[in-house]
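What follows is a single structure, written as structure tokens, with notes after it.
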Amino acid sequence: MSTLLILLVQTKSGAAIEILSFLLVAAIIGYITAWLYCKSIYVSRIKAIESEKDELNKHIATLDAENSNLQRSLHEKENLMKHLVLEVKALKALHTEAVHETDDMELKNKRTEQLLYEKDEALVHIAQSRHLLNYDSFGTATETEKDDLKMISGIGPFIEERLHALDIFTFSQISKFTTQDINTINDAIIYFSGRIERDEWVAQARELVHDHDIRDELFKRISERKASIYYNRIGTAKKEEADDLTIISGIGGWIKEKLNMLDIYTFRQISNFTREDVVAVTEAIEYFPGRIERDEWILQARELVRIAGNKSDLLKRIRDRKGRIYFDRLGFAHKHEANNLTLIDGLGLWVEERLNLLGIYTFDQISKLTHTDIETITEVLEIIPGRIEQDNWVGQARELAKKQVPIL
């Protein structure tokens, strides 16, 4: 009986396991069948979604690129806007500057017109003095025969015009001036008393009227004297390196030609002159003793070397600083009232020229200089500090003013 029960129990367990196995297999088959069914249904949908996703990603990439381009364009536009704003400001500033320049030009034009009018009036007045001159003494000439009178040291464009107004056009006429002629012409052209004699117009003119043979002989003599010049000290130069030596006050075209015959062409060479060189050059070019020192060639040359020969810029700087001078204290004067300021020891042609640019023409004005004025003028003229006091310009000017040196 017991054996039968055991057999029955074993039979039921095996059946249960078998049943469970069948159920498990059926479940697996059902899951796989369901999975395959779902996959077959949604696979096309998944593919469609993935395709849409790819398209969207591409669209996003395109939008990102467009956004980047727009950002770059916006940045460029902002930079352009800033640049345009700066340009507008610059144009406004230029406009303002142009307005000021136009106003200045109009003012300068008016002044120029006034000066031209005064100049024409002065030349007419000078021309009216022709009857006072003794043309039988020095001869007559016409404009068609005119020489370049500026070749004579001491005659610039201003004086040349005035001489022309008196029908004085040639070296030959000037070479024949007598003392009486010089006095009359001084009065007629309103020139510094004694300057014609001082600058040796007559002697220079006599050399210039020589015929070509005589001038060639003179140039030959000068050239043969090169051995007396210390080129190791003053330096050498070639013609193509030549400065315009006539910029140095006291050197006219004729003196320049004679210096060139000695191969002296530059400011730097003259700036290196010693006392020995001055004597040698004076003798070599058959020049007037003491003239090189008196006209301060060396000092002028050194200044011209310092400013690279740009004298016009220096004169413009001086002219622009004229407003710093206190004329209420010094008094006003005009060119036709000028004294010969070079009568003041230590005040040469070069300094006189610069003082005249400031509107300082007379001994009386210089005699009124205060310490402050002296400091200002020293700076404005760009001269050596202490020079005015050292040479006692003020004291000399007071004495000369007392003597009532003619103001022409």
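Assorted remarks:
- Residue match in segment 67-90 (condition: closer than 30 Å to Asp320 by Cα, assigned to a helix (DSSP H, G or I) and either at pLDDT 80 or above or not assigned by TED's automatic domain parsing to the domain that holds Asp320 (or both)): yes
- Qualifying positions in segment 263-290 - of a type in the set (D, E, K, R) and part of a helix (DSSP H, G or I): Arg268, Arg275, Glu276, Asp277, Glu283
- Residue match in segment 342-352 (condition: out of contact with any Asp or Glu (no Cβ under 8 Å at 6 or more places or on another chain), crowded, with 18+ Cβ neighbours inside 10 Å and among the acidic types (Asp, Glu)): yes
- Residue check, Ala237 under 28 Å from Val305 (Cα atoms) and in a loop (DSSP other than H, G, I, E, B): yes
- Residue that is farthest from the chain's Cα centre (by Cα) [pool: residues in segment 279-307 that are hydrophobic (A, V, I, L, M, F, W, C) and under 19 Å from Gly346 (Cβ atoms)]: Ile292
- Scanning segment 259-284 for residues that are within 23 Å of Ile152 (Cβ to Cβ) and touching a residue at least 40 places away in the same chain (Cβ under 8 Å) yields Met261, Leu262, Phe267, Val281, Glu283, Ala284.
- The condition (being surrounded by fewer than 13 Cβ atoms within 10 Å (Cβ to Cβ), within 26 Å of Arg291 (Cβ to Cβ) and touching a residue at least 24 places away in the same chain (Cβ under 8 Å)) is satisfied by just one residue among Lys311, Lys403, Lys335: Lys335.
- The listed residue being modelled with pLDDT under 95 and either on the phi > 0 side of the Ramachandran plot or buried (at least 18 other Cβ atoms within 10 Å of the Cβ) (or both), out of Ala165, Ala227: Ala165
- Being touching a helix residue (DSSP H, G or I) at 6+ places or on another chain (Cβ under 8 Å), at pLDDT 80 or above and not assigned by TED's automatic domain parsing to the domain that holds Ile292 holds for only one residue in Ile190, Ile126, and it is Ile126.
- Subset of segment 335-354 (residues that are more than 29 Å from the chain's Cα centre (by Cα) and either assigned by TED's automatic domain parsing to the domain that holds Ile251 or not in a helix (DSSP H, G or I) (or both)): Ala338, Asn339, Asn340, Ile344, Asp345, Gly346
- Residue ID - farthest from Ile360 (Cα to Cα), chosen from residues in segment 296-324 that are assigned to a loop (DSSP other than H, G, I, E, B) and not aliphatic (A, V, I, L, M): Gly309
- Picking from residues in segment 273-282 that are surrounded by fewer than 18 Cβ atoms within 10 Å (Cβ to Cβ) and touching a helix residue (DSSP H, G or I) at 6+ places or on another chain (Cβ under 8 Å), the one that is farthest from Gln300 (Cα to Cα) is Thr282.
- Lys311 fulfils the conditions (1) within 25 Å of the chain's Cα centre (by Cα); (2) among the charged types (D, E, K, R); (3) modelled with pLDDT of 85 or more except for a single criterion, (3).
- Filter pass, Glu293 being at pLDDT 85 or above, surrounded by fewer than 18 Cβ atoms within 10 Å (Cβ to Cβ), of a type outside the set (Phe, Trp, Tyr) and assigned to a helix (DSSP H, G or I): yes
- Check on Ile270, modelled with pLDDT of 95 or more and under 26 Å from the mean Cα position of the chain (by Cα): yes
- Residue in segment 359-408 that is farthest from the chain's Cα centre (by Cα), counting only those that are part of a helix (DSSP H, G or I) and among the polar types (S, T, N, Q): Gln396
- Unmet criterion (only one of (1) assigned by TED's automatic domain parsing to the domain that holds Arg387; (2) among the basic types (Lys, Arg); (3) closer than 16 Å to Ile383 by Cα) for Arg329: (3)
The values are calculated or read from the model by the stated rules, or taken from the named source; none is laboratory data. Just so we're clear, the structure is a prediction, and the values are computed from it rather than from any experiment. A quick note on method: Cβ atoms are made from the backbone with ideal geometry, for glycine too, and the neighbour counts reach across all protein chains shown.
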